[in-house]
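The values are calculated or read from the model by the stated rules, or taken from the named source; none is laboratory data. These numbers come from a predicted model, not from an experiment. Virtual Cβ from ideal backbone geometry, glycine too; neighbours counted across all protein chains shown. Note: accessible area is taken over every heavy atom of the protein model, side chains too, but ligands, DNA and RNA are not part of it. Shrake-Rupley method; radii C 1.70, N 1.55, O 1.52, S 1.80 Å.
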Amino acid sequence: MTAVNVLQRSEQWFELRRGIPTCSRFDQILTAARGEPSKSQETLINELIAESISPPEQGFIRPATAEMEYGMKLEAEARCCYELEYATLPVQEAGFILSVCGLYGGSPDALVGDVGGVEIKCPNASTHVGYVRAGTLPNDYKCQVHGYLVVTGRDWWDFFSYARNLPPFYMRVTRDDFTAKLAGEIAKFCAKYNEVRVQFGLPKIGVTQAA
């Protein structure tokens, strides 16, 4: 993988992600609940093509929602809690990670040592309580978390949900059949996406660009 140390949501960060399938959108490639190809694949291809052609102000920079803004304010506090209570290796913030093949990437909340990483969520209190009660990786983030395993090649990825005045929810996710299925579907998606890029006169992404 290639790590680029940029400030997330900065102009440079948006430009690095432009037209690249990223972990936060992998649920448009594979469904979390059934592990089947998503019907949103074509929509994602259309979005990525539009991002690749249009300047930033015309579409690919998405404004943060109120919930996202709240989560970003609490994220530093949540990271400290994670480091103190659960991390046994150094926790390092990351800007943007590009896979070895160069076809896809992601913006992890942090890398942990040389073997893992963490996805931190700061949802509203009732959503967080639901995570604690369920005690499992929420489907809303299943493709994203397993996607980081695919992108980085690391052994595990922690999911950490934090809300003030409530017990945190923590679980470690390791590679399994879903990870392998996601990796295969992403590869097929990227091959199709590159075909469409050529149709629009765009260079292929990834190592195939040099071919």
Pulled fully out, how much extra length does the chain show between ARG34 and ARG164, if you take 0.36 nm times their separation in residues and subtract their Cα-Cα distance? 43.5 nm
For the chain, with every protein chain kept in place, what is the accessible area per residue (1.4 Å probe, Å²)? 52 Å²
Accessible area of LYS181 in the full protein assembly, 1.4 Å probe (Å², nearest 10): 100 Å²
Here region 163-174 yields Karplus 3J(HN,Hα) values (6.51, -1.76, 1.60; θ = phi - 60°; whole Hz; Gly and Pro given as x) of 8, 4, 6, 10, x, x, 10, 10, 8, 9, 10, 10
Heavy-atom accessible surface of the chain: percent carbon and sulfur, 1.4 Å: 52 percent
Residues with amide H under 5 Å of PHE96's amide H, sequence separation 5 or more or different chain, H placed in the peptide plane at 1.01 Å from N; which? VAL4, VAL6
Once both labels are modelled 7 Å past Cα along the beta-carbon direction, what's the LYS73-ARG133 spacing in nm? 2.6 nm
Too long at a 22 Å Cα-Cα cut-off: which of LYS39/LYS188; LYS39/LYS181; LYS121/LYS181? LYS121/LYS181
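Would you mind calculating the gained length between ARG175 and ARG18 on full extension (0.36 nm times residue separation, minus the Cα-Cα distance), in nm to one decimal?
Between ARG175 and ARG18, full extension yields an extra 53.8 nm.
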Based on the Cβ-Cβ distance of ASN124 and LEU202, what FRET efficiency does E = 1/(1 + (r/R0)^6) give at R0 = 35 Å, to the nearest 0.05? 0.35
So what are the ³J(HN,Hα) numbers for region 80-94, from phi and the Karplus equation (6.51, -1.76, 1.60; θ = phi - 60°), rounded to whole Hz, Gly and Pro as x? 4, 4, 4, 4, 5, 9, 10, 7, 10, 10, x, 9, 10, 5, 10
Dividing the mean separation of Cα pairs under 8 Å (6+ apart) by the residue count of the chain yields a relative contact order in percent of 23 percent
